[in-house]
Amino acid sequence: MRAIVDLDKSKGELLLDGVERQTMPAYEWRKLIALVPAETGWWGDIVGEHFEENYPLAELLTSLSLSKDVLEWQVRRLSSGERQRLGFVRALALKPKILLLDEPTAALDEKTTKQVESIIKQQAKSGVGIIIITHDEKQAKRLADKSYLLENGALKQLGGKKSNG
Amino acid sequence: MADYISLSYWDLAFGAIFILINGAISIAFRLGLAKKLFIVAFRMVVQLSIVALLLKTIFAISSPWLTALVALAMGLFAGREIWARQQKKLSGFWGYSIGASAMMFAGIFVTLVALSTQIQPDPWWNPQYALPLFGMILGNTMTGVSLALDSLTSTLDRERGAIEARLLLGKTRWQAMLPFVQKALRAGFMPIINAMAAMGIVSLPGMMTGQILSGVDPQEAVKYQILILLLIGGATGLGVIGATLASAYRLSDDRHRLRLDRLKNTS
């Protein structure tokens, strides 16, 4: 996933809507294809410093069981689950065409996992391409059109609900 | 300089008594410093004596090429010092050359401007003026550059997660590294800012006291000191900015990736 967003060096050609990755600056590419890593990174003391001001967050925050004043909280007091959800929100705010999610619910309980999954489904419905890495087979079944299993270094197609990629 | 008092070698030997007392204290309290103290004191005497001989010779020969050569050697040693003071450093040739060349360019540029416009010795490269001036500017620029680079490389290494998060949100490499570059620049500027703030109140600088001891009117000595501090400030700024930006450039690439793999493996 890091290679897809050009954070690690990679070979080969990558096209999005017919445009090759190398033809645009990497920072533009990363706005189109947003990666949410399993470990989210924070640079400021306050949560709000990590979000663009003009994006309407309120609804999204409530639907993920995050308090409305979470933006005024201190980053170091966030739980790992809160960090993960805020990292997810932060990527959604870019309005990407493709979302790459690395273990998006690993630090979440059942309730918030469901909430994240429902947002993922909404996004997919509105035309955003989504690639998820998960260790949870049931989650793969719940969400995926196509799923692959990485086993002993080999990638194997498992099939899914539908077959349109 | 009528009221200059020359020191005899007996005066120096007498001064060494204080070091002997320190050594005795170290032995009494088992600090284990006595041997080290004597060795560094002895080294100091040898180093300074050699410098005195060298300077005397260089002043006597008074050749522009020899002066340039000595200045270059000073720069190379200072560059090594910058390199050695960084915990994390760029691997290979870059680790030495970025800090050393930024410091040398800044030091040489400021020294040349001062020699040609403000001090104007005759000839302009007169080693009696050029070398001490260059040495003071170089030494301070070296401190600033090494602090800035040490801060930059260790912060970029530690804050990798934060920087890559910023890159993932569509920021350019410069935008992503900006807070950490600023931190490094601040670290580099700190010593000269502190020095200027304390000047005359907490500390009387060595150059100025030296001139006063050798009989120069304090007002004249202070004028020289002010010029030196302004020059040091200018050279430190140029060197710190050059070295920090070049290192940040080297630690990222044109695909806006953070390239910590270009740091030397210290573990």
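Structure data summary
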item	result
Selection from region B:151-172 of residues that are farther than 27 Å from B:Thr141 by Cα and in a helix (DSSP H, G or I)	B:Arg160, B:Gly161, B:Ala162, B:Ile163, B:Glu164, B:Ala165, B:Arg166, B:Leu167, B:Leu168
Top-ranked residue in region B:252-267 [being more than 14 Å from chain A (Cβ to nearest Cβ) and either touching a residue at least 12 places away in the same chain (Cβ under 8 Å) or among the acidic types (Asp, Glu) (or both); ranked as surrounded by the fewest Cβ atoms within 10 Å (Cβ to Cβ)]	B:Asn265
Matching entry among B:Thr209, B:Thr172 (being among the hydroxyl-bearing types (Ser, Thr, Tyr), surrounded by 14 or more Cβ atoms within 10 Å (Cβ to Cβ) and in contact with a helix residue (DSSP H, G or I) (Cβ under 6 Å, 6 or more places away or on another chain))	B:Thr172
One residue from A:Leu100, A:Leu86, A:Leu108 being within 19 Å of B:Ile163 (Cα to Cα) and more than 9 Å from the chain's Cα centre (by Cα)	A:Leu86
Odd one out for B:Ala78, checked against (1) touching a Leu at 6+ places or on another chain (Cβ under 8 Å); (2) more than 14 Å from every other protein chain (Cβ to nearest Cβ); (3) crowded, with 23+ Cβ neighbours inside 10 Å; (4) within 30 Å of A:Ala26 (Cα to Cα)	(4)
Yes/no for A:Leu94 being in contact (Cβ under 8 Å) with a residue 40 or more places away in the chain, within 13 Å of chain B (Cβ to nearest Cβ) and buried (at least 20 other Cβ atoms within 10 Å of the Cβ)	no
Leading residue by the ranking (surrounded by the fewest Cβ atoms within 10 Å (Cβ to Cβ)) among those in region A:37-47 that are more than 8 Å from chain B (Cβ to nearest Cβ) and under 19 Å from the mean Cα position of the chain (by Cα)	A:Ala38
Segments classed as helices (runs of 4 or more DSSP H), wholly inside region B:25-120, with at least 1 members that are touching a Pro at 6+ places or on another chain (Cβ under 9 Å)	B:34-61, B:64-85
Conditions (1) at negative phi; (2) modelled with pLDDT under 90; (3) within 9 Å of chain B (Cβ to nearest Cβ): number failed by A:Pro25	(2)
Positions within region B:1-17 being of a type in the set (Phe, Trp, Tyr), loosely packed, with under 10 Cβ neighbours inside 10 Å and either free of Cβ contacts under 8 Å to residues at least 60 places away in the same chain or touching a strand residue (DSSP E or B) at 6+ places or on another chain (Cβ under 8 Å) (or both), in sequence order	B:Tyr9, B:Trp10
From the options B:Leu147, B:Leu152, B:Leu156, residue that is in contact with a strand residue (DSSP E or B) (Cβ under 8 Å, 6 or more places away or on another chain) and at pLDDT 95 or above	B:Leu156
Region B:204-256, subset under 30 Å from B:Leu90 (Cα atoms) and in a loop (DSSP other than H, G, I, E, B), residue farthest from the chain's Cα centre (by Cα)	B:Arg255
Considering residues of region A:52-70 that are of a type in the set (A, V, I, L, M, F, W, C) and modelled with pLDDT under 90 only, the residue surrounded by the fewest Cβ atoms within 10 Å (Cβ to Cβ)	A:Ala58
Qualifying residues in region A:1-22 (those that are of a type in the set (D, E, K, R) and outside any loop (DSSP other than H, G, I, E, B)) - the one nearest to the other protein chains (Cβ to nearest Cβ)	A:Arg21
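The values are calculated or read from the model by the stated rules, or taken from the named source; none is laboratory data. Being a predicted model, the structure only gives us computed values, none of them experimental. Ideal geometry is used to build each Cβ from the backbone, glycine not excepted, and the neighbour counts take in all protein chains shown.
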